[in-house]
1. Among the numbered criteria (1) within 14 Å of chain A (Cβ to nearest Cβ); (2) touching a Lys or Arg at 6+ places or on another chain (Cβ under 7 Å), which single criterion is violated by residue C:127?
2. I'd like to verify a number: residues in the range C:297-314 that are of a type in the set (Asp, Glu) and either crowded, with 19+ Cβ neighbours inside 10 Å or modelled with pLDDT under 95 (or both), how many?
3. Applying the selection to the range C:272-327, what residues are of a type in the set (Lys, Arg) and more than 30 Å from residue A:41 (Cα to Cα)?
4. Which numbered condition trips up residue B:204, out of (1) in a loop (DSSP other than H, G, I, E, B); (2) of a type outside the set (Lys, Arg); (3) surrounded by fewer than 18 Cβ atoms within 10 Å (Cβ to Cβ)?
5. I'd like the full set of residues that are at negative phi and either of a type in the set (Asp, Glu) or out of contact with any helix residue (DSSP H, G or I) (no Cβ under 6 Å at 6 or more places or on another chain) (or both), limited to the range C:149-166.
6. Tell me yes or no: at least one residue of the range A:117-134 is hydrophobic (A, V, I, L, M, F, W, C) and touching a Cys at 6+ places or on another chain (Cβ under 9 Å).
7. Among the residues of the range A:149-169, are any more than 28 Å from residue A:305 (Cα to Cα), buried (at least 18 other Cβ atoms within 10 Å of the Cβ) and aliphatic (A, V, I, L, M)?
8. In the range C:38-52, what residues are of a type in the set (Val, Ile, Thr) and in contact with a Leu (Cβ under 6 Å, 6 or more places away or on another chain)?
Amino acid sequence: MIIIINKISNSRCINSQQYSLENLLNLCKLTDTIKNIALTSEGLKYLKPILSDKRAILYFKQASTRTFLSFQNACHILGISCSEIRDTSTSSEVKGESELDAIKTFSQYVDLIIMRHPLSDFIYEISDNLPDNMRIINAGSGTNEHPTQALLDFYTIWKYGLENKKVAFVGDLLRGRTVRSLALLLNKVNGIKLYFVAPKVFQIKSDILEQLDVDYEITDDFEKVLSEMDVIYMVRLQDEYGGTNEVINTNKYSINSSNINKMKDDAIILHPLPRRNEISVEIDKDKRAKYWQQCENGMWVRVALIMDMFGISDVDLLFNKYIEYIT
Amino acid sequence: MIIIINKISNSRCINSQQYSLENLLNLCKLTDTIKNIALTSEGLKYLKPILSDKRAILYFKQASTRTFLSFQNACHILGISCSEIRDTSTSSEVKGESELDAIKTFSQYVDLIIMRHPLSDFIYEISDNLPDNMRIINAGSGTNEHPTQALLDFYTIWKYGLENKKVAFVGDLLRGRTVRSLALLLNKVNGIKLYFVAPKVFQIKSDILEQLDVDYEITDDFEKVLSEMDVIYMVRLQDEYGGTNEVINTNKYSINSSNINKMKDDAIILHPLPRRNEISVEIDKDKRAKYWQQCENGMWVRVALIMDMFGISDVDLLFNKYIEYIT
Amino acid sequence: MIIIINKISNSRCINSQQYSLENLLNLCKLTDTIKNIALTSEGLKYLKPILSDKRAILYFKQASTRTFLSFQNACHILGISCSEIRDTSTSSEVKGESELDAIKTFSQYVDLIIMRHPLSDFIYEISDNLPDNMRIINAGSGTNEHPTQALLDFYTIWKYGLENKKVAFVGDLLRGRTVRSLALLLNKVNGIKLYFVAPKVFQIKSDILEQLDVDYEITDDFEKVLSEMDVIYMVRLQDEYGGTNEVINTNKYSINSSNINKMKDDAIILHPLPRRNEISVEIDKDKRAKYWQQCENGMWVRVALIMDMFGISDVDLLFNKYIEYIT
């Protein structure tokens, strides 16, 4: 299920589809500017007071160390104080309180709620029941949406050029919410072509394909398309959301020293991480391996997103103020 | 058991009875001033460095997400760095260390200990064994005391006027430490009248009544007093501290759309939260429902309390310095 | 196993043996200077922005509240933002990720990794696989190394004078990594003499003795040496790493009111904590009891170490800048 919402206030980041191409490109430029400023200690010290009057809570009812740390450090960069709930049970629920009441309570203390939740729809319930000026970010809602992952993926591809690129998604495309969200974002870009590369039982669902305006291709033959791709986005064959009985030769959907040389010299390899065997460790040293940078980008895109949600979205103004600060 | 202590140093917040009416009123004014300053980003940035040289530990041996977050965000507002122990077991105890030694260890690192503990008397043992300049706040000791809850309740009532008011406590008054502490604080106020509204098996204990100088009334008939009250303080029929076999018609001790209109127009409804059915969710939108504000007040009263404990208690001085800062 | 490594970059703190006597003495002076600056609120406010552009992660796969809090507060003093992993399991491992990949992920977000791990060698694997400019501190690796404990012990003894001192280690010297590391550090000091006082089954292993250049003595008779010692370093008879069947009269290896008066008037008693019965609680009030100060010193030595690892190691420069700041 992908819910398309045309009008979500800027104080909410609920699903990736709420962003127009213009939004996305501005967010990319904002991220770039922040990363440039943050190259020096001085720059980081300039960023730190910007939102130091704000307080956030990281409400993670579903464990996700990676996403948690990425958001927390994004807050730290902006001087935002963080509280956290990482338990799967909270004391108030023991006392018979509704989860909505629990979150309304926390919302009295903070300006920003970053929420990861096993239920797909709960983020909408929270968004509907809290005041408009409360900032709310969906850090993963069930198997459905994980918009900031899509934003960081988009940014990383943007860094290497978006237009007229050939992008392959490889692995379990059936259950990977990452792929589903990113495909819909890339659909906004002119001239891009998408390749969905997976064994049939793990192919992407038709609901996504039906929404695509750009060209796309469906295949289970990774080796055939490998050499043409500009971007290869690998995903795990995920067991943790339940599996299939069919035996898949996962090796056919992996990058390793025996097939990497078929890739274009300026192609890039992405992966939302964590990986298992679909990318061999020895590939990490290849210049086309960009998944660690993608991971770091996640933090910076979240810095940009939070700034944007608090009204700091003018790239030039931010940079000019920084120049003022250091001179 | 309520232990009355006439002389507790200002570096300790152990029980609500240590505060004189003068203390309480100054704390209310300090809280108000802080809330006013905190209305703007600029004001919050003025508050943040005030105690930024201090370090606190939140030592919560008993889970309480609400109180924990309220204190932690109070610290954040004042720039106090927080460490936390939220586990029910710590590694040192596994190693055979006494809990007093464990806390003496933590006290080497910090300036302020905020402690919630299942044992009623442990806070006194800690207070006796740590140096005078160590700030210690009781964030709930067993079923006995929770002084900052009483302070925030007092502040919230003060906001709407204390004198000559009629205040009803409704629900399980037998085991609610909140009610017990607040009743003794309100007892310091001239002309106030208290109403204890509960089924007989849940009525307040005589030890509290014996300490009251103000007028009070005992009843099990909520509907009868509802229309006269200025303040209605609802509490849960708490199951978590063990129950009774008698079947109580809890509906008789609740506020909902069928009886709220009997209330005075300028009355206020309070609740320490979490609630169950004693206040219906639809009441949240009524202007008399003040329990969410009461919850937020909790954070601000704690900010004021911590400032006061570190010697910043002069309301005028604080405000004048703020005016200086912004001009 | 003690691995001696002559050349470890300054961006790593892996084992106590990497430090030369010159390193150690500079670290002691740096610690002293920082403690002096930190005596006032103003001083602490001077220290706080120094590394406020840095972010750390405390990765504790093995519980250790004491060490955790000591490091976390050291970071707080320097304005370093902290993330933490205190769980014994992380979500990524559930998803089949290698622990190295998990840590490489975290390293994208931070500048400093403080790691405690049950496996002795894992710290070396991490150190080898992360870039040189990533700061990494070993906060305890299996039963093998705990270098910052050795550094804080060294500093505490240095405070009272190192040269020509007689230092006794008393208790379980077989398994106490603390004693092993400290003995090797003290071995660098001229004229010091070490006494290893333990029941035979708990005596220190020969691998340490073989590395000693200074004089030392082995004995199981605590009372005999007690009166001659300048420093008595007590350790627990640790059960948590597995025990022995032999019944030991632990009382013979303890300090209490019946034997403390045999000690020299200016001797000092140290203990890495937590203690059990080897030091009676009534000894805490004796002026020779320095273990609580030693505990606090742990935090300050860690502040100094972190500053040093980020290139702030010039004692005079630090102090002169502070004088500038306050005048």
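1. The one condition residue C:127 does not meet is (1).
2. Selection size over the range C:297-314: 0.
3. C:275, C:276, C:285, C:287, C:288, C:290
4. Residue B:204 satisfies all of (1) in a loop (DSSP other than H, G, I, E, B); (2) of a type outside the set (Lys, Arg); (3) surrounded by fewer than 18 Cβ atoms within 10 Å (Cβ to Cβ) except (3).
5. If the condition is that a residue be at negative phi and either of a type in the set (Asp, Glu) or out of contact with any helix residue (DSSP H, G or I) (no Cβ under 6 Å at 6 or more places or on another chain) (or both), then C:153, C:157, C:159, C:160, C:162, C:163, C:165, C:166 are the ones that fit.
6. no
7. no
8. C:50
The values are calculated or read from the model by the stated rules, or taken from the named source; none is laboratory data. These numbers were taken from a predicted model, which means no experiment stands behind them. Note that each Cβ is placed from the backbone with ideal geometry, even for glycine, and that neighbours are counted across all protein chains shown.
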